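A.B. asks: Input: one structure, supplied below.
Readers should treat all values here as calculations from the given coordinates under stated rules, not as data from a laboratory. All values derive from a computational prediction rather than experimental measurement. Counting neighbours? That spans all protein chains shown, and the Cβs are built from the backbone with ideal geometry, glycine included.
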């Protein structure tokens, strides 16, 4: 499964690669990383049918995760099928907004990687 992780904190890349080392090695998950909403849209434009899941932070400079979500749902209606929003703020406004604009799931930071792994495996 190809997963695009969108987060302005670049240390997220090494964190995901560490937490999912076994799954990456076995070919179960393949991660790509974008460090802004704009980068994510560029990536999707070049790989629209490859990405199965997007994990996006909500609070990013420039394009927010909510704006990215709106754009994905408008410009890429066929793919990706799953968008999971991640935020440090587990408040109802962000959650409601994300769900209203078509998010499939919602996680709060710090990410519980055991829970995330279970959710990802369910979508396989």
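A.B. asks: Return the FRET efficiency for the residue pair residue 74, residue 49: r is the Cβ-Cβ distance, R0 is 30 Å, and the value is rounded to the nearest 0.05.
C.D. replies: FRET efficiency, residue 74 to residue 49: 0.95.
A.B. asks: Under a 10 Å cutoff between Cα atoms, tell me which one of 86, 114, 66 has the largest fluctuation in the Gaussian network model of the chain.
C.D. replies: 114
A.B. asks: Now for a separate question. Under the 0.36 nm per residue contour assumption, what length would be gained going from the current alpha-carbon distance of residue 118 and residue 10 to full extension?
C.D. replies: Using 0.36 nm per residue and subtracting the Cα-Cα distance, I get 36.5 nm.
A.B. asks: Compute the Cα gyration tensor for the chain, then decide on rounded, prolate or oblate, letting a ≥ b ≥ c be the square roots of its eigenvalues: rounded whenever a/c is under 1.5, prolate when a/b is larger than b/c in the other cases, and oblate in all that remain.
C.D. replies: In terms of gyration-tensor shape, rounded.
A.B. asks: Specify the inter-centroid distance of the range 44-71 and the range 1-19, based on alpha-carbon positions, in whole Å.
C.D. replies: If you average the Cα positions of each part, the centres end up 13 Å apart.
A.B. asks: How high is the FRET efficiency from residue 89 to residue 26, r the C-beta distance, R0 25 Å, rounded to 0.05?
C.D. replies: Taking R0 as 25 Å, the efficiency between residue 89 and residue 26 is 0.15.
A.B. asks: Sticking with this one: So what's the back-of-envelope 222 nm ellipticity for the chain, counting only DSSP H runs of four-plus at -39500 (n - 2.57) apiece and dividing by all residues, rounded to 500?
C.D. replies: Result for the chain, helices only: -12500 deg cm²/dmol.
A.B. asks: Measure off 7 Å from each Cα along the Cα-to-Cβ vector at residue 109 and residue 19, then give the distance between these two points in nanometres to one decimal.
C.D. replies: So the label points at residue 109 and residue 19 sit 1.2 nm apart.
A.B. asks: What does the convex hull of the alpha-carbon atoms of the range 47-94 project to on average, in nm²?
C.D. replies: 3.6 nm²
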